[in-house]
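K.L.:
Have a look at the structure that comes next, please.
The values are calculated or read from the model by the stated rules, or taken from the named source; none is laboratory data. Just so it is clear, the model here is predicted, and its values are computed rather than measured. So basically every Cβ, Gly included, is an ideal-geometry build from the backbone, and we count neighbours across all protein chains shown.
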Amino acid sequence: MAEIILSATGVHKHFGGLIALNSVDFQVERGEVVALLGDNGAGKSTLIKCISGVYRPEGGHISFDGQDITGRAPSAIRDAGIETIYQDLALAENLDVGANVFLGKEKKKTILGFIRVTDDDYMRQEAVKVLDRLDIHIPSLKQRLVNLSGGQRQAVAIARAIYWNARLVIMDEPTAALGVPEQRKVLALVRSLRDQGIPIILISHTMTDVLEVADRCVVMRRGRVAANLPKGQFDAEILVKHIVGAGDLSA
Amino acid sequence: MATATASKSTLNTRDRLLDILAKGWAYFFLLAMVLFFSATGPGFFSVNNFSNILVTSTLVALMAIGQTYVVITSGIDLSIGWTVGLASVVSARSMRDLVNGGMDIGPAMLLGVSMALLVSLIPGIINGILIARVKVPAFIATLGMYGIVRGAAFLLTDGQQVIGNLPDGLREVLRALGNGSLLYYVPEQGFVWFARPDNLPPQVIRGVASLLPYPVIVTAVVVVVFAFILGRTQFGRHTYAIGGNPDAATRAGINVKNHLLWIYVLSAFTAGIAGVMHSFRFTAGAPQAGEAALLQSVAAVVIGGTSLFGGEGKISGAVIGAVIIGVLQTGLVILNVDSIWQFIVVGVVIIVAVLVNQAQAALERLRTTNG
């Protein structure tokens, strides 16, 4: 069994009287794609937000790569190596690929002995290198992102994450807004990330995506983990059954 | 790489021409207007008229520089018109009072100008705090500041329209700097530096050309510095990023609140420079010095291709926009068109500018999705 890199145990979170997470256990191993499924309100997003630091859980522990990250600030958790890519991708679409990969951490150089300017060529070259690693080729790197396709933008968001050494990537509905060919590309990206040893938590409603790339499926229902199924033990029918809770007497 | 070169080479000549026209239309428009007025307006085509147009355009250009930064972050600064007036009044009044109090002209000017520039930052700081920290919409915050600064400027003139009565010695120096030129061309004498020679015969005076007026030089320096900051530095990059996607900027660790504060301070600062220069040119302080120029500065920014939705724009565009407005105004005066028409013509140009910029963006999108 591979090494566990992320481990959440007994995570508890409520909003007023509503219990969003009820003693949730959740693990991710190095180099696996874990699909996180569940109906709206099942607790997927709350769990993800507890991991990424947006919410502070009231109970339980979350540890990443041996260190306790429970209740840390989002920026601290990102620095620890967990990168969350939301549906809106958090890119500046008016800037080019290099500028986006280096956003907020621009590489600078000195000209005329004392003036600090952005080193755009360097940033573009580095962006190409990291995109090559993902097997993504963007025609013109001076293009602003607004002129790229949805899949290419997704690739830029992932490229940025791994350039800054993300060691766990959380993707929230990465294929939701894309056409079919673009969806294929994003799934290929997920695989290529995994092949580089970077584990991924994939939140998705799209059953075909999940069946295609997931090594393990975790289904949530009413704030609890309803099922934790390794590869070979799930298909579309089983997953749907767990998501809607059919056959569960307590439902 | 392959697809980009392919899509570029499939562009035919007509498309490429269209592209150049769409991107640089402001330059072509400027050129066309200069040609038109030169052909139709008697005396329009002359070195002195051109240098006059540039000097007149400096006010709007300086305001438009700061306004460009603001608009790129998808804000607007309505207060700078009166910030110009505030700086003008503070500089004129403090120089006058210091010289009347016995201070030498040089130090008094230095002190007066510094004070005016510092005071002009105050509305910018307050705008920045209101917009970045208290989350007041930029339109409302700067509209409020518009009234406050206007009142403050008139308080400093004790309600008068002008701070005049400057001591003669001071007035001479201000006039020389505000209306002088670094380089003149004098018929029969050639190029003369720094000052126009005295005692020239009248027929020669008419031929003297101001080649490098001081206000134009000062403005050019400000343009170069702020264009450089916007285009080449991290500060500029973050300005665009905030305009493009403020959430992304925040998540990338950019201190958006501080950055926005600086943007409004910067906007007030270029307005302050404009106000000080106004005092020099007219050897008086005028609270309403920038009143009419406010909307023109927004117009210049828009004509220059800066998107009011934020994230896009260039200083060079704003400067061209300011010169276009200057050429229009001067040209219409020379053609003896009633000044009321200026408003209408400038208004039409603004709307056309926005339409052209939108069409250009649509064209670009269409082309890249096809390629």
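K.L.:
In the stretch B:245-260, how many are part of a loop (DSSP other than H, G, I, E, B) and surrounded by fewer than 19 Cβ atoms within 10 Å (Cβ to Cβ)?
P.N.:
2
K.L.:
If A:THR9 satisfies all but one of (1) under 19 Å from the mean Cα position of the chain (by Cα); (2) part of a strand (DSSP E or B); (3) without any contact (Cβ under 8 Å) to a residue 60 or more places away in the chain, what's the number of the condition it fails?
P.N.:
(1)
K.L.:
Which condition from (1) buried (at least 18 other Cβ atoms within 10 Å of the Cβ); (2) modelled with pLDDT of 95 or more; (3) within 14 Å of chain A (Cβ to nearest Cβ) is the one that B:PHE228 breaks?
P.N.:
Here B:PHE228 clears every test but (1).
K.L.:
Regarding the stretch B:32-51, can at least one residue be identified that is of a type in the set (Gly, Ala, Ser), surrounded by 24 or more Cβ atoms within 10 Å (Cβ to Cβ) and within 30 Å of B:LEU170 (Cα to Cα)?
P.N.:
No, the stretch B:32-51 contains no residue that is of a type in the set (Gly, Ala, Ser), surrounded by 24 or more Cβ atoms within 10 Å (Cβ to Cβ) and within 30 Å of B:LEU170 (Cα to Cα).
K.L.:
Now for a different question. When the residues of the stretch B:90-129 are filtered to those that are assigned to a helix (DSSP H, G or I) and free of Cβ contacts under 8 Å to residues at least 12 places away in the same chain, which remaining residue is nearest to B:ALA268 (Cα to Cα)?
P.N.:
Checking each candidate, the answer is B:LEU118.
K.L.:
For the condition surrounded by 24 or more Cβ atoms within 10 Å (Cβ to Cβ) and either away from chain A (no Cβ under 14 Å) or charged (D, E, K, R) (or both), what is the one hit in B:ILE242, B:ILE217, B:ILE263?
P.N.:
That would be B:ILE263, the only listed residue that is surrounded by 24 or more Cβ atoms within 10 Å (Cβ to Cβ) and either away from chain A (no Cβ under 14 Å) or charged (D, E, K, R) (or both).
K.L.:
Only one of these is over 20 Å from the mean Cα position of the chain (by Cα), within 18 Å of B:VAL276 (Cβ to Cβ) and of a type in the set (D, E, K, R): B:ASP168, B:ASP198, B:ASP97, B:ASP158. Name it.
P.N.:
Within the list B:ASP168, B:ASP198, B:ASP97, B:ASP158, the selection yields B:ASP97.
K.L.:
Here's another thing I want to ask about it. Find all pairs meeting these conditions: Cβ atoms under 6 angstrom apart; at least six residues apart or on different chains; first residue within the stretch A:95-111 and within 8 Å of chain B (Cβ to nearest Cβ); second residue surrounded by fewer than 16 Cβ atoms within 10 Å (Cβ to Cβ).
P.N.:
A:GLY104/B:GLY253; A:LYS108/A:ARG116
Residue-wise test of (1) assigned to a loop (DSSP other than H, G, I, E, B); (2) modelled with pLDDT under 80; (3) over 21 Å from B:PHE44 (Cβ atoms).
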site: B:GLY178; (1), (2), (3): no, no, yes
site: B:TYR185; (1), (2), (3): no, no, no
site: B:PHE191; (1), (2), (3): no, no, yes
site: B:PRO197; (1), (2), (3): yes, yes, yes
site: B:LEU200; (1), (2), (3): yes, no, yes
site: B:VAL204; (1), (2), (3): no, no, yes
site: B:GLY207; (1), (2), (3): yes, no, no
site: B:PRO215; (1), (2), (3): no, no, no
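K.L.:
Inspect all residues belonging to the stretch A:110-127 and state whether any of them is within 25 Å of B:GLY243 (Cα to Cα), in contact with a Phe, Trp or Tyr (Cβ under 7 Å, 6 or more places away or on another chain) and outside any helix (DSSP H, G or I).
P.N.:
Within the stretch A:110-127, none of the residues are within 25 Å of B:GLY243 (Cα to Cα), in contact with a Phe, Trp or Tyr (Cβ under 7 Å, 6 or more places away or on another chain) and outside any helix (DSSP H, G or I).
K.L.:
Picking from B:PHE309, B:PHE343, which residue would you name as being part of a loop (DSSP other than H, G, I, E, B), farther than 22 Å from B:LEU17 by Cα and not acidic (Asp, Glu)?
P.N.:
B:PHE309
K.L.:
For residues that are within 12 Å of chain B (Cβ to nearest Cβ) and touching a Ser or Thr at 6+ places or on another chain (Cβ under 9 Å), scanning just the stretch A:112-137, find the one that is surrounded by the most Cβ atoms within 10 Å (Cβ to Cβ).
P.N.:
Going through the qualifying residues, I end up with A:THR118.
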